Amino acid sequence: VQLQASGGGLVQVGGSLGLSCAASGGTFRDYVMGWFRQAPGKEREFVAGISRGGGSTDYEDSAKGRFTIYRDNAKNTVYLQMHSLRPEDTAVYYCAADRFLRNTRFLSSEVSNWGPGTLVTVSS
């Protein structure tokens, strides 16, 4: 499956931003989907994951209560809505997909499909 993320940009501290990731070339509902991020000089880290049907989600601790992951299988798209953004949320955000994952929290090493990334910059 090919992934294309969009929606990144510059936002002020406390603001909101929505990311989307469109999938093509595969059966979208077969894939567990997720979002990761990578800040300069840091490793890529898990942000949020969602099950194939969308009924189960998981979040990295700092994202809980601020970020929401959801998907529309009819549109082959997964979304990440972010609120109360902080400077430490600044990173390149990557969409991730894998057909064989069993959980909604997973490591970057477990992911077989990545989108090209979209930059989110939170300015103070």
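The values are calculated or read from the model by the stated rules, or taken from the named source; none is laboratory data. All of these numbers come straight from a predicted model, not from anything done at the bench. With ideal geometry, Cβ positions are generated from the backbone for all residues, glycine too; neighbour counts draw on all protein chains shown. Just the protein is used for accessible areas: all its heavy atoms, side chains included, with ligands, DNA and RNA removed. Shrake-Rupley method; radii C 1.70, N 1.55, O 1.52, S 1.80 Å.
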### Message
I need the full set of residues from the range 5-27 which are hydrophobic (A, V, I, L, M, F, W, C) and farther than 14 Å from residue 90 by Cβ, in order please.
### Response
5, 21, 22, 23
### Query
Looking at the range 81-124, which of the residues that are buried (at least 16 other Cβ atoms within 10 Å of the Cβ) and of a type in the set (Gly, Ala, Ser) is farthest from the chain's Cα centre (by Cα)?
91
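Kindly indicate whether residue 28 is of a type outside the set (D, E, K, R) and open to solvent by 60 Å² or more (accessible area, probe 1.4 Å). If you could, list the steps in order and put the result at the bottom.
On the way: of a type outside the set (D, E, K, R): yes; open to solvent by 60 Å² or more (accessible area, probe 1.4 Å): no.
Spelling it out, it is not the case that residue 28 is of a type outside the set (D, E, K, R) and open to solvent by 60 Å² or more (accessible area, probe 1.4 Å).
Scanning for something in contact with a helix residue (DSSP H, G or I) (Cβ under 8 Å, 6 or more places away or on another chain) and either touching a residue at least 40 places away in the same chain (Cβ under 8 Å) or of a type in the set (A, V, I, L, M, F, W, C) (or both), does the range 100-110 turn up at least one residue?
First, the residues of the range 100-110 that are in contact with a helix residue (DSSP H, G or I) (Cβ under 8 Å, 6 or more places away or on another chain): 101.
Remaining after also requiring either touching a residue at least 40 places away in the same chain (Cβ under 8 Å) or of a type in the set (A, V, I, L, M, F, W, C) (or both): 101.
Yes, that holds for at least one residue.
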### Task
Tell me which of these residue 78 doesn't satisfy, since it passes every other one: (1) within 23 Å of residue 42 (Cα to Cα); (2) open to solvent by less than 70 Å² (accessible area, probe 1.4 Å); (3) among the aliphatic types (A, V, I, L, M); (4) touching a residue at least 40 places away in the same chain (Cβ under 8 Å).
(1)
### Matching residues, the range 83-124, being in contact with an Asp or Glu (Cβ under 7 Å, 6 or more places away or on another chain) and assigned to a strand (DSSP E or B)
98, 113, 120, 122
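Here is a list: 89, 72. Which entry is touching a residue at least 24 places away in the same chain (Cβ under 8 Å) and more than 13 Å from residue 4 (Cα to Cα)?
Details: 72 fails: touching a residue at least 24 places away in the same chain (Cβ under 8 Å).
Matching residue, one of 89, 72: 89.
From the set of residues in the range 61-75 that are out of contact with any helix residue (DSSP H, G or I) (no Cβ under 7 Å at 6 or more places or on another chain) and among the polar types (S, T, N, Q), which is most open to solvent (accessible area, probe 1.4 Å)? Spell out the reasoning first.
In the first step, residues of the range 61-75 are kept if they are out of contact with any helix residue (DSSP H, G or I) (no Cβ under 7 Å at 6 or more places or on another chain); the result is 61-72, 74-75.
After this cut, where a residue has to be among the polar types (S, T, N, Q) as well, the list is 62, 68.
Details: 62: 38, 68: 65 Å².
Looking at the filtered set, the residue picked out is 68.
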### Identity of the residue in the range 43-60, part of a strand (DSSP E or B) and of a type in the set (Ser, Thr, Tyr), that ends up most open to solvent (accessible area, probe 1.4 Å)
57
### Summary
Within the range 1-27, of all residues that are among the aliphatic types (A, V, I, L, M) and part of a loop (DSSP other than H, G, I, E, B), the one modelled with the highest pLDDT is 13
### Message
Return the pair list, or none, for Cβ contacts closer than 9 Å from residues in the range 28-42 that are more than 12 Å from residue 89 (Cβ to Cβ) and part of a loop (DSSP other than H, G, I, E, B) to residues that are open to solvent by 60 Å² or more (accessible area, probe 1.4 Å) and modelled with pLDDT of 95 or more, at least 6 apart or on different chains.
### Response
31/52; 31/99
